[in-house]
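Remarks on the structure that follows.
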Amino acid sequence: MVSLPQDLAAIFHASFHPTQGNLVDWSLKASDDLNLDNIEFSVLPSGLHLVDRDVVYFTKDGQHGVCIFRRRKTQEEGQRGYRLSSLGILLARARRPRPWRHTSSLKDLIKVIYDQCEDAGLLQPTESQWEPARIFFEERKIRRADIGEWEGWSHDLGDTSEPNSHPTLHLPHILRILGPSFLTLYKHVLGRRRILIYTLPPVEAACILCYAAADICFEAQSSTAGRTKDPINVLGMVTLSDMDRLRVGSGWIACTTDAIFLDKPACYDLLIDLTHAGTRPAFYVSKPVIPQQARGPTHRLSATRFAWSDIKLWNELDRILRLGHDRCCMENDAGPPPTTSRLGVAWSDAWRVYEDVCVVCAGLWMGMGSWRPAGSTGEGRGAVGLDGDDELGVNFESTRSRRSGSYVRSLGMGIEGRPSGSTPRSVRRTSAMSWSSGRATVIGAPGVNEIGVSKSHEQQATHGSSIANPETSNDEGGEERADRQLRTTLALLQTFHAHTAFQLAVLASFLPSEPTPMSTVYLNPKDMVQFELSPLSAADARYLEWLAQEYAGDMRVIVRRGWRDLIGALLSYT
């Protein structure tokens with residue numbers, strides 16, 4: 001029998017009242033000191049009245065929570081045909097909160113309560129009809145102080161208390177949707193920047209993206225002796241009531257449905273617009289400007305894309321995705337999003353072609369000086385080759401599996417992943433390379449399986465094969481697909497962690513062994529090559545300074561970017 005998680009601090013019900021607005025109309029708390037003020041705005045964000053159901057992740061004073069939203073038809077006067085409400089829970093403080101473990105059971109609970117109301121002809125549950133919620137809370141209420149400890153990815157992803165509920169299991173599909181631009185998000189997460197995701201309802205996919213993005217750096221940020229050992233803070237859904245804490249906070253990732261945040265770039269460092277009409281979401285960085293008047297804007301949004309230095313890491317990730325071939329799509333009950341105009345599709349296709357050309361050209365450029373045929377011997381970069389058929393290619397299907405009333409857009413639904421079919425030969429060759437530090441997993445090496453998971457991780461992952469979707473696990477091969485999905489996710493996380501560890505190790509090599517307080521270290525553009533960053537990229541230089549700011553202790557690192565430094569880097573002298 002699977003034991004229930006016992007980490008709840010509160011359970012509550014919030015609804016929209018035609019004259020009073022959003023309010024909490026019922027709640028139970030583990031402690032009277034717990035404050036639920038204004039939590040109703042997080043669980044009933046703007047625009048949610050457009051969908052019948054949704055799942056919303058949020059935070060309240062540093063405590064994580066999740067709620068199930070329902071829109072029910074009603075003839076009640078003032079409700080405009082629908083009653084809007086959410087049943088939510090708030091978790092106790094923990095280093096590794098896991099609100100997703102309660103999502104499936106919370107959906108069942110809200111269905112039981114609302115079915116009782118419908119059978120009794122009531123608009124709102126009575127005290128007796130809240131009894132299932134009381135039982136739910138008592139079974140899962142916090143009873144010990146050592147909750148939320150992290151015991152490794154195999155244990156975390158293979159948790160059987162709520163099968164197939166972990167947001168990070170969607171990481172392979174998210175990578176296919178965002179493409180190489182995901183590495184821009186990765187750099188901002190590792191640098192502990194402020195990241196905001198703008199979306200339209202349903203919001204569950206955006207909340208999943210928040211947790212998945214934070215998890216790619218969770219292991220490194222939790223174990224590295226930087227400014228803080230806490231991982232980046234996942235805020236989940238934020239609304240206008242959170243504006244003040246976004247301005248003063250740092251190192252967070254959140255999502256919102258309030259379009260007014262698009263005009264407040266001073267509140268964040270990176271904006272991801274999931275409503276963009278192109279084939280991929282749009283990325284914008286916030287840049288400071290000199291105000292033209294006393295109360296003029298201090299920041300502006302500037303479109304950004306992945307850097308050429310990201311291609312090597314992307315090729316490794318893309319290779320794992322093609323070998324993994326997991327199917328991690330979700331379909332919305334409301335149907336696919338509306339199609340864009342022919343003109344919009346034409347422009348978005350042009351950007352797709354531009355992106356693919358950049359990937360191929362960068363692969364050719366990096367491959368000319370570092371590639372070695374599989375099976376050849378040598379030292380340094382490029383000495384590692386792929387075992388097996390070099391023409392390996394996997395065609396991805398546009399498959400959709402029914403999931404809990406929300407969706408992550410699958411291939412062909414508006415923001416597509418990488419093109420299917422075989423990869424250009426030069427790009428595949430480059431993607432087989434290991435990191436120059438030797439810290440990354442080498443595909444085909446002894447002790448590593450075909451998608452890059454070490455044998456020890458593979459053995460642990462086998463115990464997590466029960467995370468298959470209950471609605472598809474009865475199908476032939478369902479458990480095998482779920483196990484493949486888990487292994488692919490583990491391989492991706494392992495690759496991200498290896499790359500992070502490599503760059504932090506290179507950073508440590510430039511720092512003095514006995515630093516003096518507030519001392520400064522200067523790096524030349526040529527030094528950036530050792531980090532596998534482009535010496536000509538201002539974005540890479542800024543990213544390197546973020547790393548130093550977070551992980552170099554009291555040291556200050558400045559990347560010189562004068563014209564003499566850049567020319568020196570091009571001519572290979574300092």
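The values are calculated or read from the model by the stated rules, or taken from the named source; none is laboratory data. Just so it is clear, the model here is predicted, and its values are computed rather than measured. Heads up, the Cβs are rebuilt from the backbone with ideal geometry, glycines too, and the neighbour counts pull from every protein chain shown. Calculation scope for accessible area: heavy atoms of the full protein, side chains included, ligands and nucleic acids excluded. Shrake-Rupley method; radii C 1.70, N 1.55, O 1.52, S 1.80 Å.
Among the protein heavy atoms, those of residue 308 account for about 130 Å² of accessible surface (1.4 Å probe, every chain in place).
With the convex hull of the Cα atoms taken as the outline of segment 206-263, the averaged projected area works out to 4.3 nm². Rounded to two decimals, the Cα-based Rg/Rh of segment 127-240, with Kirkwood Rh, is 1.02.
Highest mean packing first, where packing is the average number of other Cβ atoms within 10 Å per residue, the peptides 84-91, 123-130 line up as 84-91, 123-130. Pairs over the 21 Å Cα-Cα cut-off, from the set 187/229; 229/287; 287/312: 229/287; 287/312. The fraction of all Cα pairs in segment 204-328 landing in successive 5 Å bins from 0 to the largest distance is 2, 8, 13, 18, 21, 17, 11, 6, 2, 1, 0, 0, given as whole percents.
Residue-wise HN-Hα couplings along segment 33-43, as the Karplus relation 6.51 cos²θ - 1.76 cosθ + 1.60 with θ = phi - 60° gives them from phi, are 7, 6, 9, 9, 4, 6, 5, 5, 6, 6, 8 Hz; Gly and Pro carry x. Packing here is the average count of other Cβ atoms within 10 Å per residue, and on that basis the peptides 195-205, 550-560, 502-512, highest first, run 195-205, 550-560, 502-512. Note on segment 498-555: Rg/Rh from C-alpha atoms, Kirkwood Rh, equals 0.94.
A cut-off of 5 Å between modelled amide H atoms, ignoring neighbours fewer than 5 places along the same chain, links residue 141 with 8. Using equal-weight Cα scatterers in the Debye expression, the normalised intensity of segment 46-163 in log10 at q = 0.15, 0.17, 0.19 Å⁻¹ is -0.79, -0.96, -1.12.
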